Amino acid sequence: MYYHDRRLQYPVTVEKPDPAFARMLQQAIGGVEGEIRVCMQYFFQAWGNRAPTPKYRDMLLHTATEEIGHIEMLATAVALNLDKAPASLQEEGAADGIVGAVMGGGNGRQEIEGLIHKNLLSGGLAAMPMDSDGVPFNMSHVYASGNVAADMYCNVAAESTGRVLAVRLFNAAHDEGMKKMLHYMIARDTMHQQQWLAVIEELGGAAANLPIPNSFPQEQEDQENNYNFYATAADGSYPEGRWTSGPSIDGRGEFTVFPNKPLGEEPILGPARPDSGAQDKQIG
């Protein structure tokens, strides 16, 4: 069960509407780095969580619900940037393919067909569940494995790329209200990165959780290849680092370098089947 409040999680204001920036904000809503992605990711991780303690499920639900508020903020920002654009912006839009296409139906339609078709024609100058190119959000980017440690590492990556996007949007913003909204969202991305790392630490840290899943007996894996760095350069060179020598991060092996070479034979599939539609010379 969920509850809602009509008030926004954080103030969203726009002094000078900018349709081009509205398009950029769509990436933060429905892009692979966006808020719909992390919201759905945390919800499905929570709903399928089988940890012995319910606190990880509860924590995920709290954060997933917070992300709904982020989507609401961004959707409001998109609508405000598309609404009541001043005449001066419309005039500038005549020379700008992006702004002109949105404000005056200009020749820039192909460049931003997603924004025009969805935000303007379908959405009525409102946000839509899509990225900045008009591609609808794809749930295939949601990772919920049923393995707590794997999910936490996925969450760190999701929040990291989300924060990268938010910083880029902050740097691209000209409106002070948009900068204020984004500086809040950047801060929340910082917290969420730390939050998921804290779960990994609480579970015992990298040493206890790696490799994932740690429930599989490591003696059953190939002991000659589980800590080798494969050097695949034609000249045999490789980048030396923490990953090429010394103890592995989980403390269960030693990093070594393996000059990449075939360990198997050339595959021979045999003749084609008589009913395969192959040429007669292919059929044995």
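The values are calculated or read from the model by the stated rules, or taken from the named source; none is laboratory data. Keep in mind that this is a model prediction, so the values were computed, not measured. Glycine also receives a Cβ, built like all others from the backbone with ideal geometry; neighbour counts cover every protein chain displayed.
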On the given criteria, is A28 among the small types (G, A, S), in contact with a helix residue (DSSP H, G or I) (Cβ under 8 Å, 6 or more places away or on another chain), in the same structural domain as A166 (by TED's automatic domain parsing) and over 18 Å from N138 (Cβ atoms)?
-> no
Determine if segment 36-46 includes at least one residue that is modelled with pLDDT of 95 or more, among the hydroxyl-bearing types (S, T, Y), surrounded by 12 or more Cβ atoms within 10 Å (Cβ to Cβ) and farther than 27 Å from E202 by Cα.
-> no
Boolean, A77 is modelled with pLDDT of 95 or more, more than 19 Å from the chain's Cα centre (by Cα) and crowded, with 16+ Cβ neighbours inside 10 Å = yes
Checked segment 242-257 for anything out of contact with any Leu (no Cβ under 8 Å at 6 or more places or on another chain) and on the phi < 0 side of the Ramachandran plot; matches are R242, W243, T244, S245, P247, S248, R252, G253, E254, F255, T256, V257
Kindly establish whether E265 is among the acidic types (D, E) and exposed (fewer than 10 other Cβ atoms within 10 Å of the Cβ).
-> yes
Residues (exposed (fewer than 14 other Cβ atoms within 10 Å of the Cβ) and over 18 Å from L165 (Cβ atoms)) located in segment 185-200 = Q194, A198
Can you name the condition, by its number, that R23 falls short on among (1) among the basic types (K, R); (2) at pLDDT 95 or above; (3) in the same structural domain as K179 (by TED's automatic domain parsing)?
-> (2)
State which residue pairs qualify: first residue among the β-branched types (V, I, T) and inside segment 125-146, second residue modelled with pLDDT of 95 or more and not in a loop (DSSP other than H, G, I, E, B) in any location, beta carbons under 8 Å apart, and separation of 6 or more residues or different chains.
-> V135/G30; V142/R37; V142/M40; V142/Q41; V142/F44
Determine whether segment 218-231 contains at least one residue that is outside any strand (DSSP E or B), surrounded by 12 or more Cβ atoms within 10 Å (Cβ to Cβ) and of a type in the set (A, V, I, L, M).
-> no
Every listed condition ((1) of a type outside the set (D, E); (2) under 20 Å from the mean Cα position of the chain (by Cα); (3) within 27 Å of P247 (Cβ to Cβ)) holds for G204 save (2)
Which of (1) more than 30 Å from Y56 (Cβ to Cβ); (2) in the same structural domain as K55 (by TED's automatic domain parsing) is the odd one out, the single condition K281 does not satisfy?
-> (2)
For segment 214-231, does any single residue satisfy the condition of being modelled with pLDDT under 95, under 26 Å from the mean Cα position of the chain (by Cα) and within 30 Å of R57 (Cβ to Cβ)?
-> yes
Which listed residue, of Q279, Q223, is of a type outside the set (S, T, Y), over 30 Å from G69 (Cα atoms) and in contact with a strand residue (DSSP E or B) (Cβ under 9 Å, 6 or more places away or on another chain) = Q279
M130: at negative phi, surrounded by 21 or more Cβ atoms within 10 Å (Cβ to Cβ), modelled with pLDDT under 95 and within 15 Å of the chain's Cα centre (by Cα), yes or no?
-> yes
Filter segment 42-62 down to residues that are within 16 Å of the chain's Cα centre (by Cα) and in contact (Cβ under 8 Å) with a residue 40 or more places away in the chain and give me whichever is nearest to A158 (Cα to Cα).
-> Y42
Within segment 138-194, track down each residue that is of a type outside the set (A, V, I, L, M) and modelled with pLDDT under 95.
-> N138, S140, H141
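Results for (1) among the acidic types (D, E); (2) within 18 Å of Y143 (Cα to Cα); (3) in a helix (DSSP H, G or I), shown as yes or no for each residue.
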position	(1), (2), (3)
E159	yes, yes, yes
G162	no, yes, yes
N171	no, no, yes
Q194	no, no, yes
